[in-house]
Amino acid sequence: LNGGTVPVIDLVVCKKYPQMFLEKITDNGNQSIFTNHLTGAEDAARQSEHDTNHQRASEMFAESARKKCSEEVDEDAPTDWKDMVTSISPEEHYEKLGVAEKKIVDDWTKKRLILLQSMVSKSIEDSLKDKSPERKSEPYIKVLVKAFCHSKQTARNLDHHAKTQKMSAELTIWRVSEEQLQLMKEGTIVRMKNLDVKSNRGGLQLSANSDTPMEPFPSDVSQYQLIQSGYEERCPRSLIRINLMSKNVEPSHLAREIDVVACIVKIQNLGDITSAAYLTDESGFLMILERNHTSQNNDPFHLGNVEASLPAVVAFCNIQVTSFDTVEQCARGAWSISSCKAPRHLMQLRYGGLRSWCNSYSGVEHCRNVLDRIKAGVPMCAGLSNRHKVCIGYILGFDARYANYDPITSTMNMAITGRQA
């Protein structure tokens, strides 16, 4: 599809991303200098910075504009007013004027003030347009959606997974309204009209705006229908699964996108605008999460008092798994433009369980051991050599070739992928 419009469609909201802002900076010819995608906090900071710079520029132009405009306005001033302002004592000169002359001076003084304010404002505005770029910010939201599978449309002879994957799309709502934000709740069905549609290598793209008709699905929907439509409730991935994913990274950014609940044991500054958080959990596995941020952001991972709160349990949404670090022997992740601190209600059960473990004696000892290894530069897979090892991983298969050995200990040679605890 190169373009077109969908008259009406029922969509399942599978994943709602944080609200973002498209910043556009244009010059006096309305030519775009650059665009940028910002979070709500970043947009507020950039707008405050822009307003401050605008105020400073206005003050800089104000004095020269006032002087220039005063000369221009005073050319049309009445003679009585000119004589008064050029006299040695304007107050005494005014008192000596007759009633008619005083009225002329008073009327002009009021008119001059209005004209001067208008002309100075316009002069400053024109100067700012010529020398100061204009900033505009447009709110938008991205939503991962799938076509709602009505029961009558279900085809038994089609592979369900392939079918639902083909119905996946990314919906972008520009100038999104508060009503639309409330309507876009994960696990709900929304009926939309007149959606713009196009297809590219990244998949199907749907586009709407604040004027696009949207309404809740008019009838009740069963959990079975949601599952049939391809909806999956958010579920945090374990660090075991994340480490396995990192060894076989999927090409699709959506397939690499995960939610995670873990314990941060260390935060390391990699520069003025990059920080790395070391995450672990009960399994002993580790992930290094990197985030690029502004130099003013002293808390990139939303911990509050960073030094006093570590180790700390965190819940993050929409993290990108990037690679497996062969030196550190752990997964690496990246904080993307869609990443955010997860609302507590989304992962409350897992968050509470991990927090209890983190505060327990075994959790404190485990986090301390992990931190000691990080500081010592020892790979996380390292440990004392021993004949017996405790391994955590996934059983990939069995080998029964050693059936003549002790049936309890050697009947099956398990192929386990994982790492030593």
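Things worth noting here:
- Normalised by 2.2 N^0.38 Å, with N the number of residues, the alpha-carbon radius of gyration of region 191-345 equals 1.25.
- Net charge of Cβ neighbours under 10 Å - reference His366; Lys, Arg +1; Asp, Glu -1: -2
- The residues packed around Asn297, meaning those with a beta-carbon under 15 Å from its beta-carbon, carry a net charge of -3 if Lys and Arg are +1 and Asp and Glu are -1.
- Rounded if a/c under 1.5, otherwise prolate or oblate - region 3-137, Cα gyration tensor axes: prolate
- Packing around the peptides 179-188, 88-97, taken as the average count of other Cβ atoms within 10 Å per residue, puts them in this order, highest first: 179-188, 88-97.
- Accessible surface of region 1-112 [probe 1.4 Å, protein heavy atoms]: carbon and sulfur percent: 51 percent
- Highest mean packing first, where packing is the average number of other Cβ atoms within 10 Å per residue, the peptides 116-122, 274-280 line up as 274-280, 116-122.
- The residues of region 252-362 have, on average, 46 Å² of accessible surface per residue, using a 1.4 Å probe with all protein chains present.
- Cα gyration tensor, region 61-136 - rounded (a/c under 1.5), prolate or oblate: prolate
- Restriction of the trypsin sites (Lys or Arg not before Pro) in region 189-284 to DSSP coil positions whose beta-carbon has at most 12 other beta-carbons within 10 angstrom yields Arg201.
- Relative contact order of region 1-123, pairs being alpha-carbon contacts under 8 Å that are 6 or more residues apart, as %: 18 percent
- Charge context of Ser123, other residues only, Cβ under 9 angstrom, K/R +1, D/E -1: +1
- Three-way shape label, region 304-378, alpha-carbon gyration tensor, a/c 1.5: oblate
The values are calculated or read from the model by the stated rules, or taken from the named source; none is laboratory data. Note that the structure is predicted; figures quoted are calculated from it, not measured. Here the Cβ is made from the backbone with ideal geometry for all residues, glycine too, and neighbour counts use every protein chain on show. Each accessible area value is taken on the protein alone, full model and side chains, heavy atoms only, with ligands, DNA and RNA left out. Shrake-Rupley method; radii C 1.70, N 1.55, O 1.52, S 1.80 Å.
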